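Just below is one structure, and these are the notes that go with it.
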Amino acid sequence: MDTAKLNPKLDVPAETLAILAEITQEINTSLNLDEVLAAAAAQIKRLIDYEIFAVLLPEEGTNQLYFRFAIGHKPEVVEHWRIPLGDGIIGAAAATGLAVRVGDVHGDPRYLSAVEGVRSELAVPLIVRGRIVGVLDIESSQPDYFTPDQQNILTLVASRIGTAIENAKLFEHERNQAETLLLLNEVGREANSTLSVEEVLRRAAELTKRLIDYQIFSILLYDEADNVFRHRVTVKFGQRVQEKFAVPAHGGIVGAAASLKRPVVVPDVTLDPRYLLINPETRSELAVPMLLKDRVVGVMDLESPQLNYFTPDHVQVLSILAAHLAVSIENARLYERVANDEARMERDLSAARRIQGALLPRLPGPEYGLDIAARVVSSRELSGDLYDFLRYGPQELGVAVGDVAGKGSAAALYGAVAIGTLRSLGPQKHRPAEMLRAINGFLGERRIEGRFMTLCFATWHRGRRKLRVANAGQEQPLLCHAGKCERVDLSGFPLGMFEDAEYEQRSFILDPGDVVVFHSDGIGDAQDHAGEFLGHAGLAKIVASHYQLSADGLADKILEEVDIYSGGKHPADDRTLVVLKVK
C-alpha cells in the first residue's frame, strides 16, 4: 500500500498528457453535473481499465459522503450508503487529502465491502483550492491491479474533475435557486387563489411537497382562546391523517419556533429536551413560524426519519412559503368570518322580513264602502315604507302611507315605532292634521340623529262620503273625481324634525267610482333609460287611463307600468301603493 500527496511535477508520458487535455476539454463542455461525471468516467476508462467506478460527494450538513455517480455498484449501496469521513479507504482519502492505493483489500482493515470479489482499490481525493470536494474511487477484482503511474495519472485527472464538479455544482445550485424562486412565485399565486381556509391548508401540503421532499408535514394554527397550536393539516408518509394532539403555545419545537419567531432546526431530536415525542420515527425536525405583522398565525412543522435531514436551503424556502401562507390563511379566515357574519345577517334579515310581512295590516272589509288594495315592493330585504288602517268606527276608517328616511333594518325599525305610535293614538280618533301633530310630538321627544319620516294620513266616513287628508312631507296623493285625476297639494314638514310643526288638512266629498291613490316616492322616482323620472304627471296619466279597473287591478297596473317604464330594473327605492275606490 502506498500513499502520495498531489504532486504537479509527476513524470507523465506525452501521449497521456494529450489524453488528459482531451479529458479536461470534455468535462468542461457541460455544466450538468451528471454529464460531467459520466464524461469523466468514460475518459478515465481510456487511461485505466477499471471495473468499478464511483464519485462520492460530501452530504450537506453532515460529515459523510454519498454516492453521486457510480458504475458497477449495487443500487442499494448507491442509494443508501453513507461513508463517514475517515471510515474505509474512501473515507481515509477524504479525511487525509491523500490518494490511497490498496493492492489487496482483504488485508486492509479499513476496507468496506460494497461489491463482492473486489481485491484492489484506488481512492483519490478531489481537491479544489485546498478544500476536499469529493472522492474518486476505482476498484478491480485483480490484486495489485493499480500501479503508481495510474495513481499519478488519476491524481492529475482528479484535479481537473474537482474543478469541473465545483463549477457544475455551482451552476446546479444557481439553477435550483432560480427554479425554486419561480416555484415559490407560483406557490404564492396558488395559495392566494382560494378564500377557503381548508383549501389553503390542503394546497399548502401539496405545494410544500413540490419544494421539499418531506416525510411528515404539519400545519398548526394558533388558537388564541386556549393558547395552543392545533393541528389543521398532517401528512405522514404521503397519507393525510387527523391529528388531535394540541401543542402548548410554548411547548415542543413548534412552541420554540413560535416564541422565538424564527425557524428552529433540530438535527437530532433525541438530543433536544424540547422535543415532544409524537412520531417515534422522527429523527430530525424543522419548525417555521408563519408570521403576519409580527403576529404568529401558525407554524409549519416538518419531520424526517433521517438525522440532519434539513438544510439551510430548506429553511430559506420554507420561510418564504410560510410568509405567503400566513397572508393567505389570514385572508381566508377573514373571508370566512365575513361570510359567516353575512350568513347570520341574512338569516336575521330573512326572519325580520317574515315578521315585517306578518305585521302588514289586513285590508278592511266592505263595511266602509270602499274597494281597497295595498302593495309594497321592497328595494332591499326590509322595507322603509309603511301603510296602515285604523278602524275609527263602523263607518269611519283611517288610512296611513309613509316612508322612513333611509333604507334597511334601521328604517324598518323606525317605521315599526311610528306604526306603533299611530295605533296607540287610534282610539283617540284624531282628525288627520291632529294625528300628524301627535305623532310628530312623540317622535320629537325621542329624536334620533338623522332619522325622520314622511306620512300622509286620511280619514274616510262612509255615511258622509267625506275624505279628510293631511300630509307630512309624503308624496301628494292623487284624486280621480268628476273625470279629472289631480294631485292633492298639501304642505307639512316630515315627522320627527320640528316638534312644533303645523299641518294643513283638506276635505273632499267623493262620488261612487272616485279613486284615491296614496303612494311613496319610489313610484314617481322611477327612471327610464334616458334618466327621466316618471313623476306625478306620469303616474296621473297611468291612473287616468285605468281608473275604471278595480282597486286590485289598478294597483297591479300601476306597478306593471312603472316596471316597464324603468326597463325592468330592480327598484332603487321602495314602491308602496294604497288604492281606495268608492263603491
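Highest mean packing comes first when the peptides 547-555, 238-246 are listed by Cβ atoms within 10 Å, giving 547-555, 238-246. Of interest is the spacing of the C-alpha centroids, which for region 53-107 and region 130-170 amounts to 12 Å. Number of Lys-Lys pairs in region 192-336 with C-alpha atoms under 23 Å apart and a separation of 8 or more places or on different chains: 4.
If you take the beta carbon distance between Glu224 and Glu199 as r and set R0 to 30 Å, what does 1/(1 + (r/R0)^6) give as a FRET efficiency, to the nearest 0.05?
That gives a FRET efficiency of 0.85.
Of all lysines in the structure, those lying under 23 Å Cα to Cα from Lys541, and not within fewer than 8 positions of it along the same chain, are Lys484, Lys557, Lys569, Lys581, Lys583.
Here Lys74 is the anchor, and the lysines within straight C-alpha reach of less than 22 Å, apart from those fewer than 8 places off in the same chain, are Lys45. Less than 5 angstrom separates the built amide H of Gly496 from those of Gly444, all sequence-distant by 5 or more or on a different chain.
Can you give the FRET efficiency to the nearest 0.05 for Ala544 and Arg333, using r as the Cβ-Cβ distance and R₀ = 56 Å? For R0 = 56 Å, the calculated efficiency reads 0.40. Entry note: region 363-582 has Rg to Rh equal to 0.95, where both radii use alpha-carbon atoms and Rh is the Kirkwood radius. The label-point distance for Asn63 and His570, in a model that sets each label 7 Å from Cα toward Cβ, rounds to 7.3 nm.
Shown for Ser507, Ser566: other C-beta atoms within 10 Å of each C-beta, ranked fewest to most, produce the order Ser507, Ser566. In this calculation the C-beta distance from Ala38 to Arg240 is compared with R0 = 45 Å, giving a FRET efficiency of 0.70.
Taking a ≥ b ≥ c as the square roots of the eigenvalues of the alpha-carbon gyration tensor, region 41-147 is classed rounded because a/c is under 1.5. When the Cα positions of Leu321, Gln306, Pro273 are compared along the charge dipole of region 272-329, Leu321 comes out farthest toward the positive end, with charges on each C-beta of Lys, Arg, Asp and Glu. Taking every Cα-Cα distance in the chain and sorting them into 20 Å bins starting at zero, the pair-distance distribution P(r) comes out as 16, 26, 17, 15, 13, 11, 2 percent.
Whole angstrom only: what separates the Cα centroid of region 249-278 from the Cα centroid of region 411-452? Spelled out, the Cα-based centre of one part sits 68 Å from the other.
Values quoted throughout were computed directly from the atomic coordinates according to the rules given, and no laboratory measurement underlies them. Note that the structure is predicted; figures quoted are calculated from it, not measured. Note that we place each Cβ from the backbone using ideal geometry, even for glycine, and neighbour counts take in every protein chain shown.
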